[in-house]
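For reference, the structure discussed in these notes is given below.
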Amino acid sequence: MPDAAVPAKGSILGSLIPARYILAVLGSIGMAIIYGLKVNLSVAMVAMLNHSALAHGAGPVHAAAAEHHADAEPVCQGSNSTEAVEDGPFAWSEPLQGTILSCYFWGYFVSQIPGARIAESVSAKWVMFFSVFINVLCTLLTPVAAEMHYGAMIAMRIGEGIGGGVTFPSMHVMLASWAPPNERSVMSAIVYAGTALGTVISMLMAGVLAGSLGWESVFYVMGGLSCIWLLLWVWLIQDSPNKQALISQEERTFITSSLGSEGGSGHGGPKPAIPWKKVFTSGPFYGILIAHVANNWGWYMLLIELPFYMKQVLQFNIKENAVVTAIPFLTMWFFSMFLSKTLDALRARGKINTTIARKIATLIASVVPMCCLLALCYIGCQRGLAVALMTIGITSIGGMFCGFLSNHIDIAPNYAGTLMAITNTAATLPGIIVPIFVGQITHGNQTIGAWRIIFFVTIALYIFEIFGYTFLGSGEEQSWNRGDKANNGTVEHGEVEATPLNTKEPAKNYSQEE
């Protein structure tokens, strides 16, 4: 691909920012909104619950009085433990809390593959719009639904999950249509970094709002602010450069020619039919699948349940809880960007190949949090050390963005969206199971001993991931990427030009989150 001249910038915003980076920034904000509205309930629920009633086994939906475990280790008594959170109106038992948190993933589970097909065949722009719109609507209705009945609350969360499930497939299609191969790593990093930043901002905002204005404000303020994005997305974004009026001809030509398609769709021609048998007998595919499912267990356990561990065991109040929970996701964002660029630089210099890069990143995302959880099991009530360990563990999980989550496009660029939909659908199961599992284990037993069981189960799954991905993972393009007629074996990246996402350069990171 010729690089004789730097492409001209787009005409939007006074020609200050290229149109393709307007897409990347708004895509990042959209991902931040989806993740922010997903995790805000984990923080807000701490203020929504009537902890006094639950402690005495009261309330219409509390299943039974809390059992006294004589041999259980007590919760910690922090210096701020007397600063109790003001009781909320809901006496939801721990199992019901887990159900409410997990039901988001019921909707998320069913919408991904249909969402991917609609985005590819109809419009990724409008699929992404629908995703954010339904999340905003359900968020704004959450306080009313919670007051009506916990069943209405569950319905709102399922609706949010349906919208959230189509985000990654739709943004995958948008990036395929807009990102030149030599900028794909940068643009995808911008987009998917929004997941970490959305988590940070949401947890901080939810903690401040719940502690200052009441739990209802979490949903009204965050949902209301998100409406601004909907207007900007409709106005500034189109499915492809050829449909975009707010773009210079130079930038349009640069994007479409670099993608090998004057149509700007990112597809040089019709793709061969998916060779399902070869996909489901592929070792590298199962390596990604194992890593995705096992790592997501740890990811969702920390993402959803960390505020409850902070409250139940370490006795942080609501505002401290939000800050301590959010900071690790900010450091994770910085670390993921640093690790991705470092591994790319080593690959460019020929120090490591793609397979080694993916395995290093995935090992960091599994070995480090596993060791942190193991240490957390035995440090007792040392709150400062516990916070440090959780910060290191969550930060290191950022390795997944340039590890197994980038691996789909390495082994089969023609089917990267479909492969992501398959593995991400399977990896949604931990999101459903984790809150229910934690709720059952901690029901009437909110102690260090109960959480130790939870951590050991997570450690076991990390071990499974480490061995599975180390032995099965590969960064080489598989021959079935070219369809059923391809020869057996693997093809070194950079030697095949038949695929629209493949170039003669080493594969770029195409980081993607669940």
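Taking label points 7 Å from Cα along the Cα-to-Cβ direction, R452 and V144 give a separation of 4.8 nm. Residue-wise HN-Hα couplings along region 27-43, as the Karplus relation 6.51 cos²θ - 1.76 cosθ + 1.60 with θ = phi - 60° gives them from phi, are x, 5, 5, x, 5, 5, 5, 4, 5, x, 6, 6, 8, 4, 5, 4, 7 Hz; Gly and Pro carry x.
The label point for V25 and the one for I433, both projected 7 Å from the Cα toward the Cβ, are 4.2 nm apart. Largest accessible area first, the residues V387, V279 order themselves as V387, V279 under a 1.4 Å probe with ligands, DNA and RNA left out.
Available extension along the chain between S257 and R117 is 47.9 nm, counting 0.36 nm per residue and deducting the alpha carbon span. The H on the amide N of Q478, modeled in the peptide plane, is under 5 Å from the matching H of A412, V491, each at least 5 residues off or on a different chain.
Karplus-based coupling profile of region 461-468, in residue order and whole Hz: 5, 4, 4, 4, 5, 4, 6, x, with θ = phi - 60° in 6.51 cos²θ - 1.76 cosθ + 1.60 and x standing for Gly or Pro.
Counted residue by residue at 0.36 nm each, then reduced by the alpha carbon distance between them, the extension gain from T281 to K341 reaches 18.4 nm. Annotation for region 326-415: trypsin sites (Lys or Arg not before Pro) lying in DSSP loop with at most 13 further Cβ atoms inside 10 Å of their Cβ are R349, K351.
Remark: spin-label model distance E250-F471 equals 5.5 nm, labels positioned 7 Å along the Cα→Cβ axis.
Per residue, the accessible area of region 155-252 comes to 31 Å² when a 1.4 Å probe rolls over the protein heavy atoms. Ligands, DNA and RNA left out, the accessible area of region 371-414 computed with a 1.4 Å probe is 75% carbon and sulfur. Applying 0.36 nm per residue to the separation of I379 and A273 and subtracting their alpha-carbon distance, the gain on full extension is 32.8 nm.
The calculated FRET efficiency for the pair A348 and I228, based on their C-beta separation and a Förster distance of 35 Å, comes to about 0.35.
The values are calculated or read from the model by the stated rules, or taken from the named source; none is laboratory data. Just so it is clear, the structure is predicted and the values come from calculations on it, not from any experiment. Note that each Cβ is placed from the backbone with ideal geometry, even for glycine, and that neighbours are counted across all protein chains shown. Ligands, DNA and RNA are stripped out before the accessible areas are found, and what is left, the full protein with its side chains, is counted by its heavy atoms. Shrake-Rupley method; radii C 1.70, N 1.55, O 1.52, S 1.80 Å.
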